[in-house]
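Notes follow once the structure below has been shown.
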Amino acid sequence: MLLLVTSVAAANAHALAPAHGPTARAERADEAVLLGRIPGLPLWLLDAAVANAGVRAAAVLAIDGTVWWVSEGRTVRLATGMRAEQATSCGGALFAVDGLARLRRFARAPGDPIALDSGPEVSLLHRPACLDALPRGSDREGLSHGAVAVVAPFGDVVILERDLRVRSAALGVRALPDAEPTVVDLGGGAVALAVLTEPTLRYRHGVLGDEVEAGAVVLLALPSLEVLGRWAPPAPAVIEERRSVAWAAHGEAGIHLTVSDDVGGARIVSLAWRAGALVRVAEGPDLGGASRWLHVIAAVDDRVYAQHRPHVRGPLVRYDLSVTPKDSARADAATGVLEPSVVATDLDVVSHVVGERNLDRALWLRTLAPGVDALALPYGDGGGVRWIRCDAFTCRTVHSTAIGGPLATNLALVGPSGAPEGLLAADVDGSVWWLPIPAAWER
């Protein structure tokens, strides 16, 4: 049976009344606001926006493959027949993988003038990377607004222009089937894509959806996808991640990775782009035992935030980064360190659910003051979000916002990076919630 995707015009015929009646309004400025409800289990918040007249809205991918537009007082079906666990918003459109494993591009809101496009076959498990947010001054070489990087069958990496034509391809890199390509600003106008590659089963922990992990990471130049560099941990260690986390500090740039083995468990390894090579410049302590994983949440300047053993409500940890000197005779000896400077054990948060590919349940929101950061992580039971303030001495909860039930999706940031207007979340009952930024941070 063919799986069909609805057009926007057809979708407008499927507008639903909000499942909870009139949209619920918060009684206090720091309470969650119910935007609406979809008739199914949400998987992913594809898009977050503040529409005209301040109407908050989101596009939501559900487990049955439907995509819904939810705003205050209105729920509209945008598409059907999707098979992806996650998707991407880019260039004013949405991208998801359908039941025939083809990339689809469609409108992100009812009435948007976006024609339905069907692209090439891609991996069902990956999440396309939007290339719109390339650093200012980088050379786009004519790359169109709305271009995306995707993982193709057999692990090739491909850039698709806005109309889903192939712009460039890196063949034979053997990307993970569920890899999330990461844009990395190398400085001086050079930009790269970091992609986890070389699938291996030599460490079968399986916290991220399956037992396949990465044996290496590659940097690909944008937009040509020329291979710039490769790094691999010594066997039997693996990169136990779906993506890298980009960093820029000490006048350099690079990526952080979670590296694991069956002796020490997980640790963070920091790589930098130096003299035409990807080299290890810092490493943190391991967790001290097999099958112990850590989730790298974000990197801000020389600060790295991670949760140790999130599946058992482990501590939120802030690391301080120092790197191997550039003139070191042993550039890959990792004499630099990631020093845990804050270990917060009493927050009762869970940044990841075992067996999920979703790595966006926890977010860095913005820097509040020099060296002081704001983060959002779910409660231990997933029924709401803790707003956390971290400085050089402590990470503490400044406010907790409850939602209607256990969190079912990622947290979606509304507004520009570093200056958010709020968050969106969806729970297991299909309710979509707006979470305002707490005023406590401003006091």
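What the pair-distance distribution of the chain shows, using all Cα-Cα distances binned every 20 Å from zero, is 26, 60, 14, 0 percent. Note on Lys326/Glu226: beta-carbon distance plugged into 1/(1 + (r/R0)^6) with R0 of 30 Å gives a FRET efficiency of 0.80. An oblate overall shape is assigned to the range 105-194, the ratio a/c of its alpha-carbon gyration tensor axes (a ≥ b ≥ c) being 1.5 or greater and a/b not exceeding b/c.
In square nanometres, what is the average projected area of the Cα convex hull of the range 176-267? Mind showing how you got there, number by number?
On the way: hull surface 24.6 nm².
Across all orientations, the range 176-267 yields a mean hull projection of 6.1 nm².
Phi-derived couplings, Karplus 6.51 cos²θ - 1.76 cosθ + 1.60 at θ = phi - 60°, listed residue by residue for the range 262-278: 8, 10, x, x, 9, 8, 9, 10, 10, 10, 10, 8, 9, 6, x, 9, 9 Hz, with x used for Gly and Pro.
Once backbone amide H atoms are built at 1.01 Å from N, Ala84 has Val97 as its partners under 5 Å, excluding neighbours fewer than 5 places away on the same chain.
Taking packing as the residue-averaged number of other Cβ atoms within 10 angstrom, the listed peptides 405-414, 154-163 run from highest to lowest as 405-414, 154-163. Residues whose amide H falls under 5 Å from that of Glu356, counting only those 5 or more places apart or on a different chain, are Gly209, with hydrogens built in the peptide plane. Each principal axis of the range 59-133 carries a Cα extent, and these read 35, 29, 20 Å when sorted largest first. Neighbour counts of C-beta atoms inside 10 Å place Trp247, Trp387, Trp441 in the sequence Trp441, Trp387, Trp247, starting with the fewest.
Spatial offset of the range 209-244 relative to the range 67-99 amounts to 29 Å, using the alpha carbon center of each. Going from the residue with the fewest nearby Cβ atoms within 10 Å to the one with the most, Val269, Val183 rank Val183, Val269.
The separation of the range 165-197 from the range 102-162, counted between C-alpha centres, amounts to 13 Å. Label-to-label distance for Ser118 and Leu201 is 3.4 nm, based on points extended 7 Å past Cα in the beta-carbon direction. Under 5 Å between amide hydrogens, built in the peptide plane, is the criterion, and for Asp301 it picks out Ala248 among residues at least 5 positions away or on other chains.
With a simple spin-label model that places each label point 7 Å from the Cα along the Cα-to-Cβ direction, the separation between Phe154 and Asp302 comes to 4.7 nm. Descending by average beta-carbon neighbour count within 10 Å, the peptides 230-237, 77-84 line up as 77-84, 230-237, the highest first. Using a Förster radius of 45 Å, what is the FRET efficiency between Ala169 and Glu421 based on their Cβ-Cβ separation? Nearest 0.05, please. Once rounded, the FRET efficiency stands at 0.75. Across the range 236-242, coupling constants 3J(HN,Hα) worked out from phi with the 6.51/-1.76/1.60 Karplus curve, θ = phi - 60°, read x, 5, 9, 8, 8, 7, 10 Hz, and Gly and Pro carry x. Backbone phi angles across the range 187-202, fed through the Karplus curve with coefficients 6.51, -1.76 and 1.60 (θ = phi - 60°), yield HN-Hα couplings of x, x, x, 8, 10, 9, 10, 8, 9, 7, 9, 6, x, 9, 10, 6 Hz in residue order; Gly and Pro are listed as x.
Post the alpha-carbon centroid distance, the range 393-422 to the range 254-328, in whole angstrom. Centre-to-centre (Cα) distance: 24 Å.
Just so you know, all these numbers are worked out from the coordinates, no wet-lab data involved. All values derive from a computational prediction rather than experimental measurement. Here Cβ is always computed from backbone atoms with ideal geometry, including for glycine, and neighbour counts include all displayed protein chains.
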